[in-house]
Amino acid sequence: MPKAKRLPDHQAFLDELASLWPLAKGSLAEVRKPCIRPRCPACKAGRKHKAIFFSFPKDGKRVCRYVPAELAPLLRQALANGRHLERRLAQLGEAQLEAYRKNRSARAALADRSRKKA
């Protein structure tokens, strides 16, 4: 099957999309949890231990997974990129609708002029 010819706007969007990698949808939560050690000084003092969880949709349900501290910065960037992509998709959808409406109005005006000449 031959590849479809890409319009300049299409290629620009694909280039923008490639620059947004990594991508993720969800959220990060930092929580404090007690550990299992009975004599832990941090837990006895009430400070507990920091843990990071990634919450994301999967099969219509919300899922939470533990995130190692060294992975958190990368995941934060992926989430920011994902939010940017969602905003961009909304803008593109609106622009496509406006272009369709403008084109439809221009076609209607052209048809009216053709009918008046006839």
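The values are calculated or read from the model by the stated rules, or taken from the named source; none is laboratory data. Please read these numbers as outputs of a predicted model, since none were measured by experiment. Using ideal geometry, Cβ is built from the backbone for each residue, glycine included, and neighbour counts are taken over all protein chains shown.
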TODO: Could you please find all residues in the range 22-69 being over 30 Å from GLU86 (Cβ atoms) and part of a helix (DSSP H, G or I)?
DONE: PRO41, ALA42, CYS43, LYS44
TODO: Please go through the range 12-21 and pick out each residue that is more than 11 Å from LEU85 (Cβ to Cβ) and not acidic (Asp, Glu).
DONE: ALA12, LEU14, ALA18
Open item on the list: Where the second residue is not in a strand (DSSP E or B) and the first is surrounded by 11 or more Cβ atoms within 10 Å (Cβ to Cβ) and lies in the range 51-70, which pairs have Cβ atoms under 7 Å and are six or more apart or on separate chains?
Closed with: ILE52/ALA69; ILE52/ALA72; PHE54/GLY26; PHE54/LEU75; SER55/GLY26; PHE56/LYS25; PHE56/GLY26; VAL67/LEU75
TODO: Quickly run through the range 6-21 and pick out the residues that are assigned to a loop (DSSP other than H, G, I, E, B) and more than 19 Å from the chain's Cα centre (by Cα).
DONE: ARG6, LEU7
TODO: Would you point out the residue of the range 80-96, among those that are under 16 Å from SER19 (Cβ atoms) and hydrophobic (A, V, I, L, M, F, W, C), that is modelled with the lowest pLDDT?
DONE: LEU92
